[in-house]
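The values are calculated or read from the model by the stated rules, or taken from the named source; none is laboratory data. In this text, all values refer to a predicted model and were calculated from it rather than measured experimentally. Neighbour counts are summed over all protein chains in view; Cβ atoms, including those assigned to glycine, are modelled from backbone coordinates with ideal geometry.
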Amino acid sequence: MSVFEFPATALTAEQWQQVNALAQSLRPGQALWLSGYFAGLDRGVRGVIADADYIPAPQGATAAGTPDAGGAVQGLTILYGSETGNSATLARILADRVRECGLQPVVSDMADYKTRKLKDEQTLIVITSTHGEGDAPQSAMAFFEFLASRKAPKLAGMKYAVLALGDSTYERYCEAGKQIDKRLAELGATQIEARVDCDVDYDEPAAAWIAAMVEKITPAASSGASVVGSARVSIETSAAPAAAVFDKRRPFSATVIDNFVLTGRGSSKETRHIELSLEESGLTFEPGDALGVIPHNDPALVEALLGALSLNADAPITLKDRATTLGAALATDFEITLATPRLIDHWAKLSGSAELERLKGEGEAEARTAFLRGHHVVDVVRRFPVCGLDAQNVIAGLRPLQPRLYSIASSQAVAADEVHLTISTVRYDLNGEPRSGVASGYFADRAEPDTTVPVYVQANPHFRMADDDTPIIMIGAGTGVAPYRAFLQERETRGASGKSWLFFGERNFRSDFLYQTEWQGFLKDGVLSRMNVAFSRDSASKTYVQHKLREQARDVYAWLEEGAHIYVCGDAANLAPDVHATLSALIQQESGRGRAAADEYLGTLQREHRYQLDVY
Amino acid sequence: MTTLLEKSDRSRDVSQPLEKLNPDETLKANSNQLRGTIAEGLVAELTAAVPGDDIKLMKFHGIYQQDNRDIRDERRRQRLEPAFDFMVRVRLPGGVLTSAQWLKLDELGRAYGGETLRLTTRQTFQFHGVLKRNLRPLMQGMRDVGLDSRAACGDDSRGVMCSVHPQLSALHAQVYAMAKAASDHAIPKTGAYREIWYEEEPEPRNQATPEEPLYGRSYMPRKFKIGFVLPPFNDIDIYAQDLGFIAIAPRGKLEGFNVVIGGGMGRTDQAPETYPRLASLIGFVAVDKVTAVIDATMMVQRDFGDRADRMHARFKYTIDDKGLDAIKAGIEARQGFTFEEPREAIFTSNGDQYGWQRGEDELEHYTLFIENGRVINHEGRPLMDALRAIAKIHHGTFRVTPNQNLIIADVAPKARPAIEKLLDAHGLGSSNALSGLRLNSMACVSMPTCGLAMAESERYLPNLLTKMEAILSAQGLIDEPITIRMTGCPNGCSRPYIAEVALTGRAPGKYNLYFGGGFHGQRLNKMYLENVGEDVILDAFEKLAVHFARERQPDERFGDFAIRAGYVAEVKEGRHFND
Ligand code: SRM
Ligand SMILES: Cc1cc2nc3c(=O)[nH]c(=O)nc-3n(C[C@H](O)[C@H](O)[C@H](O)COP(=O)(O)OP(=O)(O)OC[C@H]3O[C@@H](n4cnc5c(N)ncnc54)[C@H](O)[C@@H]3O)c2cc1C
Ligand SMILES: Cc1cc2nc3c(=O)[nH]c(=O)nc-3n(C[C@H](O)[C@H](O)[C@H](O)COP(=O)(O)O)c2cc1C
Ligand code: SF4
């Protein structure tokens, strides 16, 4: 098979022979399974999602076994925008499937895609998620901006299709996918397969779409049914690497070894330090990665909801893969705090409530958002009681419980078998009741030492520490400092020579200076070269990190000129934009050049992966 | 002039090169007259503390770096540095202040000092829990009402004390004025204070003349404490001062002062070479000679005090090392005249006289018992609010007593009812209706702010007293005035070693118990039990109380009885305190 005829990166001739020999003996399906298996092995070995196509350019290497542009015989490019890895995984699966059918797709992360290639593409398959508030994934922003801009080329004659990932709890559902679909059409490209918008439980719709896609682009492929079949398999087999390593679908149950409050007395917040044991998991991660945590709902809340529904915990129900009870499902399988538009629709039907009906309307977006903010699942059920409910029917309105991601706050160079998290507890009152976040509330109220939590490593290739001798500027507010603790632990053990500068912001110096003594230690030992802090509630004039950044304009610019990498972590809504604006302003001030030039400067930093964000 | 002193062993005093002396001497000498890097330390943003050496220099400015010890461990586990903050001690000679000054201190205490003020055993105020960034606003706030914290701590002339004697109004006014003058005269003159805290430009100085005429670059070997007392009340504990002036005023006319030197309380457990010492009487001087005596005495201690070992640096040790006569001669040589024969002076107590007193000038004075000097709003007894309300209408003055109490002084008779109404309105009407033991009790600050504390004091004594009161009532002694003083460590900040009953902290819940001090501060007490807990303390106290109730002679004092009945031996001299 042609696919094996060129040597892949980093394979010795001997390895290559073995691979070839094996390849000859493969039956359809096996190759795909193996791709997943090797990927898993690789992750086990390296601690990064192994799909080379998921590793951004600076780390070098195009996909093992994936030809770069030149090799793309039929000019098929699979382009993905991903922040938490889902779209990337699907892109890989799609690539494997079409490769299996003898095609040679180019798989590329939008973050690394050379936009000048766009006009030459013949078939472009886009898989993208939506982040922020209807935005493209951070790493794909530049690509989206280019596409939206006047610079975008006419694409008449190009074929395309879009798979959109999203979360229906967000008002602007799958917005990024919708945008790119619309834009490609505007630019004259022809859609070859209708866009599918996938909610967080995307397995089946995605599998079906992939199968349909494969059929479209590889007429040679076998009959629809079996394709769909193998396509579904393909999603699940993407978990086959779990044989070698734990992942999202096969989480490792990590034991809590420590859990204490970092914020001192009198704090207006509660931020915790959590230490989990990864012993025997073989899980590995790099500074910048996140940990996926699969939380369970608060038993008390499950009780309350069952009460409101007047249903029994042991009422039998069936989920797509197994039979269970309502109580168990509400505890572990579904979001029972945050309600979704889906629930509104569903409950409108069940309750026949006119008010809910009204909220379904197209123009009702704002009213819907407001309603959902004020009504979580239990509130909807209480306010619009439905009697004689059937358990199965209830869960039809719920969305699957989502894993929560936490930036990893420790380095395996220091604690190989541990992963540390910095978690701020979400607590608020709603309809006269104290409520708390599912995951953060779990850690605050129930994660005693020795209890276990299902977790997996979520690689974050777009938030990577620079080489040891490169200066780094780290900007974080609140829990946003978490990854920098990992960065510095790593640099300390590696004896890195590069300068480092940390900007940290929180509310009150006395109580909220997260990891204060550790930073002081890093400074003393020279692991951290500089640190500035901003505490917004200590003085009448609220100072935030961006103000400190501005105060230090000259030096910050000098560092950037020296080639410093700059990192921003924490709040997406305010911190990230404010810091960005401040950077632009200080670059204008120090370089004496205009706004456009400054933004171009930042754009370049971004393209060179010298300006990276991990915001949520 | 060469006296015995010049010929004495000079191997440990200021005549020696710095490297042969305690490191603190080098620090002082190289501090650019107490400036150090304090100003820089104030802006360091990653810590609430100030850099190492500056902490010691700041004491000369009346500021102590502390941290809340209650939560030290908790914060260490939370990866937070200790809850660093600062104690600021006001310089308030004789404890006298105006209503306007009270209102400002109250305001500053509410804004920066955790909504409390602390009256001290040397008649002044302390703010606790002041954050670094609030130091300047606090100091400048004090400046606005003519107050400062110069030399409130440090190796210099500390707060000068003066009896609060309510009745002898004219005499008090006269002696208080001298105490204030003495303080203004004896404190450091460096511009550091104004430059750092008021952010003023350095004043142009003739570099030839030293910034500190009296102190030079090395200041004193250790703290130096001056006090003025008006018999018959020894409220300031004249015998605990390094230099004390006992007013001699037959028929209320001030003729001069008996001079006493070498008092001090500080000692260290398990270090018998350290001991409390009562000041020795060396003679009488006329009123106009007081400043000369102060200069000469401080010079002698400055030049001959031990600068190698700070535990042995107080004037009391210099005196016992060199001999009282040698020291006296040294002082006389420097002041240029000799002391006259001491006159007779009689003391009756070292406590306060509570309630309303009428001065000879017809003005009235109300002494309010304030437990351990803590001015704060108690549940149902908003003391801080009450005093603020009074200060708003009060045209006289306030006097902080040496027993941590407060006098609302110089009240015109017609103004008295309004003040009484405010006291009642704030639940303070019966503040003085307490046992003779409690009314004569003092406890030092100790936990959680004091860095040297080994056991609770201020927060514990009140409860212990309640248990002791039960014992006393059973013996019909509830109104018997008995002095009791507690400290959290052997340093003796509440002057425990001259109390009839004393407790000094050794470890959490553990204290040394002392009996036999003189009721009017004329005699040291002696350790009766070492390092014991509450039960043992109460048993011992009960045994003595029962015995006292049964066998005391008419008017015999609790402390005197403890010696006569053989519980402890009489201590005639500090040197024998540990025998
Ligand atoms: C506030 C006060 C006790 C009170 O409850 O009122 C006090 C509190 C402290 N004293 Fe004192 N002393 C206080 C009167 C005294 C007295 C009584 C007196 O002067 O009449 C003495 C005994 C007399 C003497 O000096 O011998 C006294 C002997 C000490 C000593 C031991 C000195 C010695 O020669 O050994 C220390 C420790 C030291 O200086 O090394 C000390 C040190 C301290 C410090 C500053 C602890 C420190 O050095 O870090 C304490 C601050 C605690 C806090 O958190 O506020 N304090 N201290 C008194 C303030 C007086 C003032 O307004 O200036
Ligand atoms: C890449 C990434 C990294 C992250 N890193 C970290 C980290 O290091 N530390 C960290 O603490 N978090 C981090 N997060 C956020 C984290 O994943 C969770 O979103 C967060 O902990 C909340 O999850 P939860 O289950 O506790 O709360 P949820 O159950 O998800 O509840 C949160 C929701 O509660 C609702 N809510 C909140 N307040 C109110 C209110 N007043 N009224 C009504 N509804 C309200 C809101 O809809 C909110 O979205 C990260 C997120 C991402 C994507
Ligand atoms: C911080 C954050 C914001 C999000 N915002 C949206 C949104 O506005 N609209 C939407 O449809 N989905 C939103 N999502 C859901 C993601 O698109 C969904 O989880 C998707 O599976 C992620 O795919 P990826 O791993 O390829 O990034 C958001 C997710 C996160 C973590
Ligand atoms: S006696 Fe000791 S514990 Fe009490 S205040 Fe003084 S130094 Fe602190």
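Within region A:286-318, if we keep just the residues that are free of Cβ contacts under 8 Å to residues at least 60 places away in the same chain and within 30 Å of the chain's Cα centre (by Cα), the residue that is surrounded by the fewest Cβ atoms within 10 Å (Cβ to Cβ) turns out to be A:ALA300. Applying the condition of being without any contact (Cβ under 8 Å) to a residue 60 or more places away in the chain and within 16 Å of ligand 3 (Cβ to nearest atom) to region A:366-415 and asking which residue is nearest to the other protein chains (Cβ to nearest Cβ) yields A:ARG373.
All of (1) buried (at least 18 other Cβ atoms within 10 Å of the Cβ); (2) touching a Lys or Arg at 6+ places or on another chain (Cβ under 7 Å) hold for A:MET158 with one exception: (2). For the list (1) at pLDDT below 95; (2) in contact with a strand residue (DSSP E or B) (Cβ under 8 Å, 6 or more places away or on another chain), I need the number of the one condition that B:GLY429 fails. Result: B:GLY429 passes all but (2).
Restricting attention to region A:529-542, report how many residues are over 25 Å from A:ASP469 (Cα atoms), in contact (Cβ under 8 Å) with a residue 24 or more places away in the chain and within 12 Å of chain B (Cβ to nearest Cβ).
Qualifying residue count for the region: 3.
Taken over region A:101-152, the criterion of being in contact with a strand residue (DSSP E or B) (Cβ under 9 Å, 6 or more places away or on another chain), outside any strand (DSSP E or B) and within 16 Å of ligand 2 (Cβ to nearest atom) is satisfied by A:ALA111, A:THR130, A:GLY132, A:ALA136, A:PRO137, A:GLN138, A:SER139, A:ALA140, A:MET141. Only residues that are out of contact with any Phe, Trp or Tyr (no Cβ under 7 Å at 6 or more places or on another chain) and either within 7 Å of chain B (Cβ to nearest Cβ) or charged (D, E, K, R) (or both): list them for region A:543-554, please. The answer is A:ARG550, A:GLU551, A:ARG554. Within region A:259-285, residues that are within 14 Å of chain B (Cβ to nearest Cβ) and touching a residue at least 40 places away in the same chain (Cβ under 8 Å) reach partners that are of a type in the set (Asp, Glu) and assigned to a loop (DSSP other than H, G, I, E, B) with beta carbons closer than 8 Å, at six or more positions or on different chains, in the pairs A:ASN259/A:GLU448; A:THR263/A:GLU270. Restricting the first member to region A:176-190 and to residues that are at positive phi, and the second to residues that are not basic (Lys, Arg), the beta-carbon pairs closer than 6 Å and six or more apart or on different chains are A:GLY188/A:LEU155; A:GLY188/A:ALA156.
Anything in region B:162-202 that is assigned to a loop (DSSP other than H, G, I, E, B) and acidic (Asp, Glu)? List them, or say none. I'd like the intermediate steps shown before the answer.
The initial filter retains those residues of region B:162-202 that are assigned to a loop (DSSP other than H, G, I, E, B), namely B:163-168, B:187-191, B:198-202.
Hits for region B:162-202 are B:GLU199, B:GLU200, B:GLU201.
Filter region A:381-410 down to residues that are among the β-branched types (Val, Ile, Thr) and part of a helix (DSSP H, G or I), then give me how many there are. Walk me through it before giving the result.
Restricting attention to region A:381-410, the residues satisfying the condition of being among the β-branched types (Val, Ile, Thr) are A:381, A:386, A:394-395, A:408.
From the residues that got through so far, the ones that are part of a helix (DSSP H, G or I) too are A:381, A:394-395.
Qualifying residue count for the region: 3.
Looking at A:GLY526, is it within 22 Å of A:SER268 (Cα to Cα) and more than 14 Å from chain B (Cβ to nearest Cβ)? Full working, then the answer.
Working: within 22 Å of A:SER268 (Cα to Cα): no; more than 14 Å from chain B (Cβ to nearest Cβ): yes.
No: the conditions fail for A:GLY526.
Under the condition of being touching a helix residue (DSSP H, G or I) at 6+ places or on another chain (Cβ under 8 Å) and at positive phi, the residues counted in region A:492-515 number 1.
Look at region B:418-446: where a residue is crowded, with 20+ Cβ neighbours inside 10 Å and a partner is in a helix (DSSP H, G or I) and of a type in the set (D, E, K, R), sitting 6+ places away or on another chain with Cβ atoms under 6 Å, you get B:SER435/B:GLU469.
Filter region B:103-162 down to the residues that are charged (D, E, K, R), within 30 Å of B:PRO221 (Cα to Cα) and out of contact with any Gly (no Cβ under 6 Å at 6 or more places or on another chain) and list them by number. Talk me through it step by step, then tell me what you get.
Within region B:103-162, the first condition is being charged (D, E, K, R), and the residues that meet it are B:104, B:106-107, B:110, B:115, B:118, B:122, B:132-133, B:136, B:143-144, B:148, B:150, B:155-156, B:158.
This time we only want the ones that are within 30 Å of B:PRO221 (Cα to Cα), so: B:118, B:122, B:132, B:136, B:143, B:148, B:150, B:155-156, B:158.
Of everything in region B:103-162, those that are charged (D, E, K, R), within 30 Å of B:PRO221 (Cα to Cα) and out of contact with any Gly (no Cβ under 6 Å at 6 or more places or on another chain) turn out to be B:LYS132, B:ARG136, B:ARG143, B:ASP148, B:ARG150, B:ASP155, B:ASP156, B:ARG158.
From (1) farther than 21 Å from A:TYR406 by Cα; (2) more than 10 Å from chain B (Cβ to nearest Cβ); (3) in contact with a strand residue (DSSP E or B) (Cβ under 9 Å, 6 or more places away or on another chain), pick out the condition that doesn't hold for A:LEU488. Of everything listed in (1) farther than 21 Å from A:TYR406 by Cα; (2) more than 10 Å from chain B (Cβ to nearest Cβ); (3) in contact with a strand residue (DSSP E or B) (Cβ under 9 Å, 6 or more places away or on another chain), A:LEU488 misses just condition (1).
Report whether or not A:THR470 is within 14 Å of chain B (Cβ to nearest Cβ) and either at pLDDT below 95 or in contact with a His (Cβ under 7 Å, 6 or more places away or on another chain) (or both). I'd like the intermediate steps shown before the answer.
Values: within 14 Å of chain B (Cβ to nearest Cβ): no; either at pLDDT below 95 or in contact with a His (Cβ under 7 Å, 6 or more places away or on another chain) (or both): yes.
Here the answer is no, as A:THR470 does not meet what is asked.
Restricting attention to region B:200-214 and to residues that are touching a residue at least 60 places away in the same chain (Cβ under 8 Å) and touching a Lys or Arg at 6+ places or on another chain (Cβ under 7 Å), the residue that is nearest to B:ILE294 (Cα to Cα) turns out to be B:GLU212.
Residues checked against (1) within 14 Å of another protein chain (Cβ to nearest Cβ); (2) surrounded by fewer than 22 Cβ atoms within 10 Å (Cβ to Cβ); (3) more than 16 Å from ligand 3 (Cβ to nearest atom); (4) part of a helix (DSSP H, G or I):
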position	(1), (2), (3), (4)
B:PRO448	yes, yes, yes, no
B:SER457	no, no, yes, no
B:ALA470	no, yes, yes, yes
B:MET486	no, no, yes, no
B:ARG506	no, yes, yes, no
B:TYR511	no, no, yes, no
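Among the residues of region B:74-131, the one identified as part of a strand (DSSP E or B), of a type in the set (A, V, I, L, M) and either without any contact (Cβ under 8 Å) to a residue 60 or more places away in the chain or within 14 Å of chain A (Cβ to nearest Cβ) (or both) is B:VAL130. The single condition among (1) more than 16 Å from ligand 4 (Cβ to nearest atom); (2) buried (at least 22 other Cβ atoms within 10 Å of the Cβ) that B:ILE478 does not meet is (2). Pairs are defined by a Cβ separation below 6 Å, a sequence spacing of at least 6 or placement on different chains, a first member in region A:156-170 that is without any contact (Cβ under 8 Å) to a residue 60 or more places away in the chain and more than 16 Å from ligand 1 (Cβ to nearest atom), and a second member that is of a type in the set (Asp, Glu) and part of a loop (DSSP other than H, G, I, E, B); the pairs so defined are A:MET158/A:GLU121. Which ones in region A:448-472 are surrounded by fewer than 24 Cβ atoms within 10 Å (Cβ to Cβ) and more than 16 Å from ligand 2 (Cβ to nearest atom)? Passing the criteria: A:GLU448, A:PRO449, A:ASP450, A:THR451, A:THR452, A:ALA466, A:ASP467, A:ASP468, A:ASP469, A:THR470, A:PRO471. Restricted to region A:115-134, and to residues there that are more than 15 Å from A:ILE180 (Cα to Cα) and within 15 Å of ligand 3 (Cβ to nearest atom), the residue that is farthest from the other protein chains (Cβ to nearest Cβ) is A:GLU133. Among the conditions (1) farther than 30 Å from B:PRO221 by Cβ; (2) in contact (Cβ under 8 Å) with a residue 24 or more places away in the chain, B:GLU379 misses just one, which is (2).
When B:ALA474 is tested against (1) free of Cβ contacts under 8 Å to residues at least 60 places away in the same chain; (2) in contact with a helix residue (DSSP H, G or I) (Cβ under 8 Å, 6 or more places away or on another chain); (3) of a type in the set (Gly, Ala, Ser), just one condition goes unmet, and that condition is (2).
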